[in-house]
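Working notes, structure below.
The values are calculated or read from the model by the stated rules, or taken from the named source; none is laboratory data. All of these numbers come straight from a predicted model, not from anything done at the bench. Please note: Cβ atoms are built from the backbone with ideal geometry, for glycine as well, and neighbour counts cover all protein chains shown. Heads up: the accessible areas ignore ligands, DNA and RNA and are worked out on the full protein's heavy atoms, side chains in. Shrake-Rupley method; radii C 1.70, N 1.55, O 1.52, S 1.80 Å.
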Amino acid sequence: ETVLNENNSIQKESVKKKTTQKSSASYKIKENQKKDIKESITKEKSFEKMTPYELGETGQIEALNYLISFLENGSINEKRLAASAIGKLSIVNKAKCNKLIPLLLNNLDSEGHQVRQYSLRTLAKLDLNINDVEYIKSKSLNDIKDYNRVIAQQICDSYQVDQTPINYELKNLV
C-alpha cells in the first residue's frame, strides 16, 4: 500500500479543481450551443416546415399561426406538442396566446390523455374567463387520468370555482 505525501495530495486536489472547471466550461458551451441551435432552426427552416416542438423552441410569437393547424388537424402527438409550444410562447406574449384558448379547450375532448394534459397545463398559464373554467370543470374533473383531474382542480382553485364534478350535458339541458 502506498502512502501519499503532501505533494501527491496537493497534486490530486489541483486535478480535481481543473476537472470541475472543465465541466462548468463545457456546460457554458452547451448553453451557447443551445442558443445557436435555436437560431439555426429558425434560419434554416421556414415556420411552415417546422414541427410543433421546433415552433415552440423558436420563442417567436409568429409561430402561433402555424401551431393553430397542429391543434386543429394534427396527430395526437402533434396536438400535444402544439399545446406545449403555446405554453412556452405564453411567456413571450400571453395576450396573443390567450386567443387560442378555444382551440385548447376543444382538445379537452381528445382521446389522447397527454393532449388533454398539455392543453390543461397551457390553459393554467393563460387568462381564462369563468365560462372557460366551468368548461374545464365539466370536462376534466371527471377525467379518466388522475394527473388531468389534478390540473383541472388547480385551475378551479385558482379561480375559486366549486370543484364538484358536474355532467356538462345535463347542466345544459336544465
### Task
Hey, can you tell me all the residues within region 68-97 that are touching a Gly at 6+ places or on another chain (Cβ under 7 Å), surrounded by fewer than 15 Cβ atoms within 10 Å (Cβ to Cβ) and under 16 Å from LEU108 (Cβ atoms)?
ILE76
### Task
Give me the pairs, please: first residue somewhere in region 149-171 and over 11 Å from GLU134 (Cα atoms) and at pLDDT 55 or above, second residue anywhere and open to solvent by 80 Å² or more (accessible area, probe 1.4 Å) and part of a helix (DSSP H, G or I), beta-carbon distance under 7 Å, and either six or more positions apart or on two chains.
ILE151/ARG121
### Task
Assess whether ASP132 counts as being open to solvent by 10 Å² or more (accessible area, probe 1.4 Å), part of a loop (DSSP other than H, G, I, E, B), over 24 Å from SER46 (Cα atoms) and without any contact (Cβ under 8 Å) to a residue 60 or more places away in the chain.
no
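Can you give me the ranges of the helices (runs of 4 or more DSSP H) entirely in region 76-115 with at least 1 residues that are closer than 19 Å to THR58 by Cα, under 15 Å from the mean Cα position of the chain (by Cα) and aliphatic (A, V, I, L, M)?
Fully inside region 76-115 and qualifying: 76-89.
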